[in-house]
Number of protein chains: 2
Amino acid sequence: MATETTPSPEDIIHRMGPAARDAARQLAGSSREARDEALRSAAASIREQVAELLEANARDLEAAKQRGLGGAMLDRLTLDGDRVEAIAAGLESVAELNDPVGRELARWQPSNGLDIARVAVPIGVIGVIYESRPNVTADAAALCVKSGNAVILRGGSEAVHSNRAIYRVLADALEASALPAAAVQMVPDQDRALVGALLQAHEYVDVIVPRGGKGLVERVQSDARVPVFAHLDGNNHLYWHGSADPTMAIDVIANAKLRRPGICGALETLLVDAGAVEHLPRLVDALADRDCEVRGDDRARAADSRIFEARAEDWDTEYLDKVLAIAVVDDPAAAMDHIQRHGSRHTDGILAGDGAVAEAFLARVDSAIVMHNASTQFADGGEFGFGAEIGIATGRLHARGPVGLEQLTTFKYLVRGSGQTRP
Amino acid sequence: MATETTPSPEDIIHRMGPAARDAARQLAGSSREARDEALRSAAASIREQVAELLEANARDLEAAKQRGLGGAMLDRLTLDGDRVEAIAAGLESVAELNDPVGRELARWQPSNGLDIARVAVPIGVIGVIYESRPNVTADAAALCVKSGNAVILRGGSEAVHSNRAIYRVLADALEASALPAAAVQMVPDQDRALVGALLQAHEYVDVIVPRGGKGLVERVQSDARVPVFAHLDGNNHLYWHGSADPTMAIDVIANAKLRRPGICGALETLLVDAGAVEHLPRLVDALADRDCEVRGDDRARAADSRIFEARAEDWDTEYLDKVLAIAVVDDPAAAMDHIQRHGSRHTDGILAGDGAVAEAFLARVDSAIVMHNASTQFADGGEFGFGAEIGIATGRLHARGPVGLEQLTTFKYLVRGSGQTRP
């Protein structure tokens, strides 16, 4: 529909923002049952409207092909019956999770006789900016609604029809459950200036969650006036101490690197202690069997000639691919120093049989997740038992590590007295 | 000392920032004992150097008088023997508090067999920007060091000599305790552009705490790229429900307004339920006895002719003075609606005998602190049992309400395994 004057991006945000705030207020006062019911009803509608969703998706796919988009991109964009069912099932599984709102986080009675409780409440309004996967529309909205937050969605332009169709189902389900439809809103067009306006809208939006590649996260982090839950890099390390069982170490390293090399929890640099370097050829065997390229410093290459020469930039590179950088270090201090200089504070770990060495590493390394004898691929909200995650954060405030439902809440203090006055 | 080229504010921050980061790293790895010992040794030095501190303070007072500064301002700036002793005792009492670092906040074992712990760690580097009271130099630095954080201080220009003298004692005590002196730094001059550079320095500073009047907080909140723990207003409400014991209600209201009208937890607007309005004259008696001006809407004035007419702006005014605004409301919903429209989400409360009405109010009102039958003057970290506070925050992320030692920590996840790989 054409209008006579096109509203500016700021106008649009100034219209959506107060609606989101109002919806957040209503949602914060809603029952768990009402929110779960809305999610289940949205799941049912998704299943009923599978034909419409696939039709909307076909329009996106057609446009993408005309623009010459490639295989991986097209695959991410594509919906089929199974993927639509997965979206519906995802909504239902979020509805099953424990209610993060209203939890009593602490309660105590100071000497003044008051009873003080710290209780979890929704954050308020979450902005989610994401790229091509249409399922993020449902996944992110479900986590926000479940945790009592309103959400403003801005998906990738290539998925605009798919996203809008999914969003309509969610908003209708909210309305049918007597919850405010504006608890889930989607920006009305793909003007990039709208992203800019959203990133500035700290009066309406409490936190922004970017979901996508490094370019998106970089832009959001550099431009946002609103706080951001995100990670830019996952340049993750394992330190192989001489006390580690070599078979265990090789298994964990291979899993950390190769299970899914493209996820942010994948291993990127291995630091091998001089005391473990004798086992390096066995590791290189295991990696070579699975087509993983190995790059290393001089000491690593001296231990195994199949290792390619690493350049300085390798230590700072998140390959997200079947490539592993290996440096040999003299002791735990040198390993921690390397991690300090090159790490991205996402997930770093130690492989060691010596518990004291491992505990010192856990205490000293300042990353969101620090592991002992476990694959870095476990850096995931689902594996942490959070049920689901909206992302992983490497910032230091409020949310750090996997961002699940609990991290989408804040708290308030309830103070119960019996007429106390302060002396 | 003059230098040939004056470094720019950015140069200064780019020198202080990495030093603070290094110091924070060392402090995070330091023992509780070392940090407490540094605070106690600083307290001893403060007592030894009382003459030097008073001399530095005399220079500030002299300059302030020449600039014609007034009584309250001069009083805030003035140190004497008792105030210096209070600074020393304050350092010692912070040393006595429980260590907020290393606390195990949660620990669980998901079905993958891992052992996951969420452990408190220091935030990193805190910037504290404050006005005329020299004691803030010691108080703020002590809370930061105790919680394992490095701090960059920027005090008011009128207290520059006093602040610098106190800061030197702290930095020397850190060094003598084998902790990094750069854990406490002070910006080297009073150039206002340095504040601007500090507010932008998100690569070096994790959070800014402004301590001072509304002008300071406003500037910090509007200019900072670094997250801020602060509150701008404390436009606090009490709602007097008809079920409240009138004697209790009047006691609490008078205390909330008049104990110290100038603190951010002071009551500013009273909402009287139509069912309690008959008791209003007794309240006005109590307030008038203590020189408190009362302003009200038409219904309040109809109940007591001593009440002056309130204007629209009264509902949005934080008087910080012996003035109380009173509006009559029909029910809890109207009270909550007023708080929603005019409140600043700092501290709001209900006075009620009906527990169900009170609990509904506690659940629905979205303020950092929500109280039942207690004076809003209890909105204070000390009264909450936090030992001390660096401020009160009305933001929604990380810290909300009184900001004590625990709120100056963040967390990391420690994942302990036995060789797990992710399927």
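Points worth noting:
- Distances between copies of B:Glu92, taken at a point 7 Å out from Cα along the Cα→Cβ vector and listed shortest first: 6.6 nm.
- Computed over segment A:236-383: relative contact order in percent, which uses C-alpha pairs under 8 Å that are six or more apart: 33 percent
- Net +/- balance of residues flanking A:Gln340 in space, Cβ distance below 11 Å, scoring K and R +1, D and E -1: +1
- The shape of segment A:236-383 can be summarised by an equivalent ellipsoid whose semi-axes, obtained from the alpha carbon gyration tensor, come to 20, 17, 15 Å from longest to shortest.
- Value of relative contact order over segment A:314-423, rounded to a whole percent, pairs C-alpha under 8 Å and six or more apart: 17 percent
- Just so you know, the Cα atoms of chain B work out to an Rg and Dmax of 24.2, 78 Å.
- Of the residues B:Ala302, B:Ala266, B:Ala230, the one that moves most in a GNM of chain B with alpha-carbon contacts below 10 Å is B:Ala302.
- Loop-resident trypsin sites (Lys or Arg not before Pro) (DSSP state other than H, G, I, E or B) in segment A:51-133 with no more than 12 further Cβ atoms inside 10 Å of their Cβ: A:Arg67.
- Local electrostatic count, A:Val217, Cβ distance below 13 Å [Lys/Arg +1, Asp/Glu -1]: -2
- The same position B:Glu309 in the other copies lies at 8.8 nm from this copy, comparing label points 7 Å beyond Cα toward the beta-carbon, shortest first.
- Binning the C-alpha pair distances of segment A:27-174 at 10 Å intervals from 0 yields a P(r) profile of 11, 36, 27, 14, 7, 4, 1, 0 %, listed from the shortest bin outward.
- Neighbourhood net charge (13 Å Cβ-Cβ; Lys/Arg +1, Asp/Glu -1) for A:Ala38: -2
- Globularity index of segment B:205-246, i.e. its alpha-carbon radius of gyration over 2.2 N^0.38 Å: 1.81
- Angle in degrees between helix B:355-364 and the longest Cα principal axis of chain B, rounded to the nearest 10: 50 degrees
- Of A:Ala72, A:Ala201, A:Ala393, the residue with the greatest mean-square motion in the GNM of chain A, using alpha carbon springs below 10 Å, is A:Ala72.
- To the nearest ten degrees, helix A:160-176 and the longest principal axis of the Cα atoms of chain A are 50 degrees apart.
- Interchain or long-range residues, amide H under 5 Å from B:Val272's placed H: B:Trp240, B:Ala327, B:Val328, B:Val329
- Across segment A:199-214, computed HN-Hα scalar couplings (Karplus, 6.51 cos²θ - 1.76 cosθ + 1.60, θ = phi - 60°) run 5, 8, 7, 5, 6, 10, 10, 8, 7, 10, 10, x, 10, x, x, 5 Hz from first to last residue, x flagging Gly and Pro.
- For the protein assembly as shown, the pair-distance distribution built from all alpha carbon pairs, in bins 10 Å wide starting at 0, is 2, 12, 19, 23, 21, 14, 6, 2, 0, 0 percent.
- Set A:Lys146/A:Lys257; A:Lys65/A:Lys257; B:Lys214/B:Lys257 screened for pairs whose C-alpha atoms are more than 22 Å apart: A:Lys146/A:Lys257; A:Lys65/A:Lys257
- Residues whose placed amide H lies under 5 Å from that of A:Ala393, excluding near-sequence neighbours: A:Gly401, A:Val403
- Segment A:160-249, Rg to Rh (Cα coordinates; Rh as Kirkwood inverse mean 1/r): 1.21
- Counting Cβ atoms of other protein chains within 10 Å of each residue's Cβ and taking the mean over peptide A:403-416 gives 5.
- Note on segment B:86-118 and segment A:283-354: Cα centroid distance 33 Å, given to the nearest whole angstrom.
- Rounded tilt (10° steps) of A:135-146 against the dominant C-alpha axis of chain A: 70 degrees
- Whole-Å distance, taken between Cα centres, linking segment B:254-272 and segment B:371-405: 16 Å
- Karplus-based coupling profile of segment B:190-197, in residue order and whole Hz: 9, 3, 5, 5, 5, 4, x, 5, with θ = phi - 60° in 6.51 cos²θ - 1.76 cosθ + 1.60 and x standing for Gly or Pro.
- Cα centre as origin, Lys/Arg/Asp/Glu Cβ charges: the protein assembly as shown dipole, Debye: 80 debye
- Qualifying chymotrypsin sites (Phe, Trp or Tyr not before Pro) in segment B:345-402, where qualification requires a DSSP coil assignment and no more than 12 other C-beta atoms within 10 Å, are lacking entirely.
- Near the amide H of A:Phe411, within less than 5 Å, lie the amide hydrogens of A:Val121, all on another chain or at least 5 residues away, with H placed in the peptide plane.
- Backbone geometry of segment A:382-392 corresponds, through the Karplus equation with coefficients 6.51, -1.76 and 1.60 at θ = phi - 60°, to 3J(HN,Hα) couplings of x, 5, 6, x, 7, x, 6, 9, 9, x, 10 Hz, x marking Gly and Pro.
- Sorted fewest first by neighbouring Cβ atoms within 10 angstrom, B:Cys292, A:Cys264 come out as B:Cys292, A:Cys264.
- Chain A - percent relative contact order, Cα under 8 Å, separation 6 or more: 18 percent
- In the elastic network of chain A, a GNM with C-alpha springs shorter than 10 Å, the most mobile of A:Ser132, A:Ser41, A:Ser31 is A:Ser31.
Rule-based calculations on the coordinates, nothing more; no lab input. This one's a predicted model, so the numbers in the text were calculated from it and none came from an experiment. Ideal geometry is used to build each Cβ from the backbone, glycine not excepted, and the neighbour counts take in all protein chains shown.
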